[in-house]
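Visitor: I am attaching a structure below and will ask some questions about it afterwards.
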Amino acid sequence: QVQLVESGGGLVQAGGSLRLSCAASGRTFFSSTMGWFRQAPGKEREFVAASSWRGGSTNYADSVKGRFTISRDNAKNTVYLQMNSLKPEDTAVYYCALNYDSDYVRPEAYDYWGQGTQVTVSS
């Protein structure tokens, strides 16, 4: 079993920044793909970003490219999402997730999920 705990959400004005963290415990972090997803009210959960085990391969949704950066510290079993130039449409509950597969876009590919952290961007 893996437990994921997100933190760092909050209320920010448009154009501001937030840094989300996701700490993993339990089963090994080794060889895992870590992803961030978000879900706005009335919408489906959508892919935001993902990082391979060594961090050498990162992927982003088109809507966040150039503004969000995913990184991970495997020694700390933690993955981060730096969010800059935030927009009101970024408002959502953000979830981190873990899988041991190379599929990083589909939520169904992920085995473990955190409880989510709310990000609200005011205009």
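The values are calculated or read from the model by the stated rules, or taken from the named source; none is laboratory data. Nothing here was measured: the structure is a model prediction, and the numbers come from that model. Don't worry about glycine lacking a Cβ; one is built from the backbone with ideal geometry, like all the others, and counts go over all protein chains shown. Accessible surface areas use protein heavy atoms only, side chains included; no ligands, DNA or RNA. Shrake-Rupley method; radii C 1.70, N 1.55, O 1.52, S 1.80 Å.
Visitor: Report the residue count in the range 108-120 for those that are part of a loop (DSSP other than H, G, I, E, B) and open to solvent by 40 Å² or more (accessible area, probe 1.4 Å).
Guide: 2
Visitor: Condition check: aliphatic (A, V, I, L, M) and out of contact with any strand residue (DSSP E or B) (no Cβ under 9 Å at 6 or more places or on another chain). Does Ala92 satisfy that?
Guide: no
Visitor: Within the range 1-39, count every residue that is open to solvent by 60 Å² or more (accessible area, probe 1.4 Å), part of a loop (DSSP other than H, G, I, E, B) and of a type in the set (A, V, I, L, M).
Guide: 0
Visitor: Continuing with this model, one more query. How many residues are open to solvent by 60 Å² or more (accessible area, probe 1.4 Å) and either within 10 Å of the chain's Cα centre (by Cα) or among the aliphatic types (A, V, I, L, M) (or both) when one looks only at the range 40-76?
Guide: Qualifying residue count for the region: 2.
Visitor: Which residue pairs have Cβ atoms closer than 7 Å, lie 6 or more positions apart in sequence or on different chains, and pair a first residue in the range 22-43 that is at positive phi with a second residue that is open to solvent by 60 Å² or more (accessible area, probe 1.4 Å)?
Guide: Gly26/Gln1; Gly26/Gln3; Ser31/Tyr100
Visitor: Within the range 86-107, does at least one residue satisfy the condition of being small (Gly, Ala, Ser), at pLDDT 95 or above, surrounded by 14 or more Cβ atoms within 10 Å (Cβ to Cβ) and part of a loop (DSSP other than H, G, I, E, B)?
Guide: no
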